[in-house]
Amino acid sequence: MTASQESASQGPAPARRTVVAAVGAAGIAAVLTACAGSDDGSSEPAGNASSAGGGGSEELARTSDIPEGGGKIFADAGVVVTQPKKGEFKGFTSTCTHQGCAVTKVEDGTIDCPCHGSRFSIEDGSVAHPPATRPLPEKKIVVKGGSISLA
Ligand code: FES
């Protein structure tokens, strides 16, 4: 007697239905971003406060650094400071109005651009020699206690 047992292990995978409860998260819109009117005393510097003449003045030079009847170029600050007359200081942009080169020299009463030879008066930035046609714009400076800074 032979008993043959066949163990058929065929089982169809039961289809399982997983019901996922989708949580409607419409109500979770956090309204945490309403920080417009924080009256906290936390004084955070708000970027550039370029109005109202706030403090932020960096010293460019000492008045004694600026030769009388001449001037000095502060390339990093983009400024030329001149002293046309004793005790009278002026500031101009150091970018030539012709094609935008940086001026490199103050000599013989003029601020000189090396690119095409324009020269500007140390007194008012006016064109003393072409090809530039527009004066160097003035940059406001403050002279206080022997110290010169941008306004
Ligand atoms: S850019 Fe200064 S003279 Fe031309």
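The values are calculated or read from the model by the stated rules, or taken from the named source; none is laboratory data. Worth saying up front: this structure is predicted, and the values here are computed from it rather than measured. Cβ atoms come from the backbone with ideal geometry, glycine included; neighbour counts cover every protein chain shown. Keep in mind that these areas ignore ligands, DNA and RNA; they rest on the heavy atoms of the full protein, side chains included. Shrake-Rupley method; radii C 1.70, N 1.55, O 1.52, S 1.80 Å.
Quick notes on this one:
- Hits in the stretch 116-127 - residues which are open to solvent by 60 Å² or more (accessible area, probe 1.4 Å), near the ligand (Cβ under 9 Å from one of its atoms) and assigned to a loop (DSSP other than H, G, I, E, B): His116
- Evaluated against (1) of a type outside the set (Val, Ile, Thr); (2) open to solvent by 20 Å² or more (accessible area, probe 1.4 Å); (3) within 16 Å of the ligand (Cβ to nearest atom), Lys86 falls short on exactly one condition, (3).
- Where Asp112 falls short, out of the listed (1) more than 10 Å from the ligand (Cβ to nearest atom); (2) acidic (Asp, Glu); (3) crowded, with 18+ Cβ neighbours inside 10 Å: (1)
- Looking only at residues of the stretch 58-76 that are crowded, with 18+ Cβ neighbours inside 10 Å and touching a residue at least 60 places away in the same chain (Cβ under 8 Å), we find that the one that is nearest to the chain's Cα centre (by Cα) is Leu60.
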